[in-house]
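K.L.:
One structure, pasted below without further comment.
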Amino acid sequence: MLIRADALLTMDHPAAFAGAVRVQDAAIAAVGPDLTPEPGEEVLDLGRSVLLPGLVNAHCHLDYTAFKGAIFPGTSFTEWIKRINAIKKSFSPADILGSIQEGFRLLRASGCTTVFNIAAYPDILLQLPRPALRTWWFLELIDVRSRLAQDEVLAGALQFFESRPDWPGGFGLSPHAPYTASVELYRLARHCSEAMGMPFTTHIAESVEEQEMFLHGEGPLHSFLRDLGRPMDDCGQGSALSHLLEHGLLNEHCLAVHLNYAQDYDYALLRRHPLHVVHCPKCHEYFRHGRFPLERLRDAGCTISLGTDSLASNDTLDLRAEIRQARWTYGDIPQMEWLRMVTTHPARAIGLEGRLGVLRPGALADLVAFPWPEASDPAESVIQSREEPILFMVHGQVISPDSMSTAPTHAT
């Protein structure tokens, strides 16, 4: 198939150009301004539109899609966690399945072809139909009350990963956060990640309350977890990030989510061990965090990607809205750099640089196209668009809105 558009944003070129992309099977075979149809080749001419790689959401919790509006903004982080736990107890497997499928529908509607999703209910995935979107399922690991035995984690992970080998995407591990996952669990996650060639992700330095807990051994999060029976001997001894980095528990394939409150000494460590950092701008605003330290993280050598987090702390799963939100704080960053944060940067984080998030021969055929209004810059028109894509392709297959079926979701 030859797909033509008046503007191509390949992510390899600094500016858009009129041209075409040839798709063969599940991959891009050619990209250029002068491609002509081969004998018998199907041609799709999108006219005045912007064709670009499908967007990549670097952090999401699809399980929580049905939680939208259940918790008002401004709630303290600890109270938010308590409310999340209470809502989760009321959800049935059917509710969770419906939530995941609705999340996929919303992602497709905003041009997101790939999502890095945290899977809190891996057993539920056995009932989930093969997703249309390219999805990395990160198995959430928590051992607040009891330490998990290594063989239990390995057995559970292998069952989880091997249950759906033909799904588009891949699998990974997610020790939830330093306040809910032990050092032993982080060490195990890194070992499994390297042994199995998988990425792993974790939440770090997300809130002031997490900062109070680890730096000073106090605060509402400290009290809440202490009362749950969590050992607190790692608190009051410095930042959790420095502890993880100094003990070699985060490798170059780790996606560090948030990093809103890194300490000065953390940046010195990051310069020696830079991470792939995921920023979730609208979630950041929901919790009323201070200014995200984007410049300092980039200066330390970290690569920044964007994610939506969940609808429990957001009102949309649209990455274009995340860019618009972030630009209120960082308006001087060029448009193409923002688009790289939702294409090439997350691809690099999971080891697929040049294969995902780019229009290039040999790359995966994950493409989206949006209308291109008159007298507008192509990249800016994508960022400002509220419309659904006029083309949505994953693995060389066009995915229509009608194919994104949903199940009833639990009322919250």
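K.L.:
Which of (1) surrounded by fewer than 17 Cβ atoms within 10 Å (Cβ to Cβ); (2) at pLDDT below 95 is the odd one out, the single condition residue 223 does not satisfy?
P.N.:
Every condition holds for residue 223 apart from (2).
K.L.:
Let me ask something else about it. What strands (runs of 3 or more DSSP E) lie completely within segment 1-117 and have 3 or more residues being surrounded by fewer than 20 Cβ atoms within 10 Å (Cβ to Cβ)?
P.N.:
Values: elements: 2-8, 17-24, 27-32, 43-45, 49-53, 55-60.
Fully inside segment 1-117 and qualifying: 2-8, 17-24, 27-32, 43-45.
K.L.:
Let me ask something else about it. Here are the criteria: (1) farther than 24 Å from residue 45 by Cα; (2) surrounded by 14 or more Cβ atoms within 10 Å (Cβ to Cβ). Tell me which single one residue 363 does not satisfy.
P.N.:
(1)
K.L.:
Restricting the search to segment 30-51, which residues are among the charged types (D, E, K, R) and in contact (Cβ under 8 Å) with a residue 60 or more places away in the chain?
P.N.:
48
K.L.:
Related question: With respect to residue 75, is the statement that it is polar (S, T, N, Q), at pLDDT 95 or above and assigned by TED's automatic domain parsing to the domain that holds residue 224 true?
P.N.:
no
K.L.:
Continuing with this model, one more query. Are any of the residues in segment 192-209 touching a helix residue (DSSP H, G or I) at 6+ places or on another chain (Cβ under 9 Å), assigned to a helix (DSSP H, G or I), at pLDDT 95 or above and of a type in the set (S, T, N, Q)?
P.N.:
Checking segment 192-209: not a single residue is touching a helix residue (DSSP H, G or I) at 6+ places or on another chain (Cβ under 9 Å), assigned to a helix (DSSP H, G or I), at pLDDT 95 or above and of a type in the set (S, T, N, Q).
K.L.:
Something else about it: Which ones in segment 251-262 are in a loop (DSSP other than H, G, I, E, B) and either at pLDDT 95 or above or crowded, with 24+ Cβ neighbours inside 10 Å (or both)?
P.N.:
259, 260, 261, 262
K.L.:
Since residue 370 meets every condition but one in (1) buried (at least 24 other Cβ atoms within 10 Å of the Cβ); (2) within 22 Å of residue 198 (Cβ to Cβ), which condition does it not meet?
P.N.:
In the conditions (1) buried (at least 24 other Cβ atoms within 10 Å of the Cβ); (2) within 22 Å of residue 198 (Cβ to Cβ), residue 370 misses (2) alone.
K.L.:
Which of the strands (runs of 3 or more DSSP E) contained wholly in segment 269-375 include at least 3 residues that are outside the structural domain of residue 102 (by TED's automatic domain parsing) and out of contact with any Lys or Arg (no Cβ under 8 Å at 6 or more places or on another chain)?
P.N.:
Working: elements: 276-279, 303-306, 367-371.
Those strands (runs of 3 or more DSSP E) span 367-371.
K.L.:
Follow-up. Just to be sure I understand, how many residues within segment 26-77 are closer than 23 Å to residue 99 by Cα and among the aliphatic types (A, V, I, L, M)?
P.N.:
Summing the residues that are closer than 23 Å to residue 99 by Cα and among the aliphatic types (A, V, I, L, M) in segment 26-77 gives 7.
K.L.:
I'd like to check something: does segment 178-191 contain any residue that is touching a strand residue (DSSP E or B) at 6+ places or on another chain (Cβ under 8 Å) and part of a loop (DSSP other than H, G, I, E, B)?
P.N.:
Yes, there is a match, as at least one residue in segment 178-191 is touching a strand residue (DSSP E or B) at 6+ places or on another chain (Cβ under 8 Å) and part of a loop (DSSP other than H, G, I, E, B).
K.L.:
Cβ-Cβ distance below 6 Å, separation of 6 or more or different chains: which pairs start in segment 280-295 with a residue that is in contact (Cβ under 8 Å) with a residue 40 or more places away in the chain and end on one that is polar (S, T, N, Q)?
P.N.:
Once the first residue is in contact (Cβ under 8 Å) with a residue 40 or more places away in the chain and sits in segment 280-295, its partners that are polar (S, T, N, Q) give 281/325; 282/314; 282/325; 286/313; 289/260.
K.L.:
Among the residues of segment 279-336, write down those that are small (Gly, Ala, Ser) and within 17 Å of residue 62 (Cα to Cα). It would help to see each step written out before you state the result.
P.N.:
Taking segment 279-336 as the starting set, the residues that turn out to be small (Gly, Ala, Ser) are 290, 300-301, 305, 307, 310, 312-313, 321, 326, 331.
Hits for segment 279-336 are 307, 310, 312, 313.
Yes or no, residue by residue, for (1) out of contact with any Asp or Glu (no Cβ under 8 Å at 6 or more places or on another chain); (2) modelled with pLDDT of 95 or more; (3) among the polar types (S, T, N, Q):
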position	(1), (2), (3)
335	no, yes, yes
339	yes, yes, no
348	yes, yes, no
356	no, yes, no
368	yes, yes, no
375	yes, no, no
379	yes, yes, no
384	yes, yes, yes
412	yes, no, yes
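K.L.:
What are the residues in segment 274-293 that are within 15 Å of residue 264 (Cα to Cα) and either hydroxyl-bearing (Ser, Thr, Tyr) or touching a helix residue (DSSP H, G or I) at 6+ places or on another chain (Cβ under 8 Å) (or both), if any?
P.N.:
Listed by number, the list holds a single entry, 292.
K.L.:
When you look at residue 240, is it within 20 Å of the chain's Cα centre (by Cα) and among the hydrophobic types (A, V, I, L, M, F, W, C), yes or no?
P.N.:
Spelling it out, it is not the case that residue 240 is within 20 Å of the chain's Cα centre (by Cα) and among the hydrophobic types (A, V, I, L, M, F, W, C).
K.L.:
So for segment 263-279 (the condition being of a type in the set (D, E, K, R), touching an Asp or Glu at 6+ places or on another chain (Cβ under 8 Å), at pLDDT 95 or above and surrounded by 15 or more Cβ atoms within 10 Å (Cβ to Cβ)), does at least one residue qualify?
P.N.:
So far as segment 263-279 goes, no, none of its residues is of a type in the set (D, E, K, R), touching an Asp or Glu at 6+ places or on another chain (Cβ under 8 Å), at pLDDT 95 or above and surrounded by 15 or more Cβ atoms within 10 Å (Cβ to Cβ).
The values are calculated or read from the model by the stated rules, or taken from the named source; none is laboratory data. Note that the structure is a prediction, hence the values are computed from the model and not measured. Ideal geometry is used to build each Cβ from the backbone, glycine not excepted, and the neighbour counts take in all protein chains shown.
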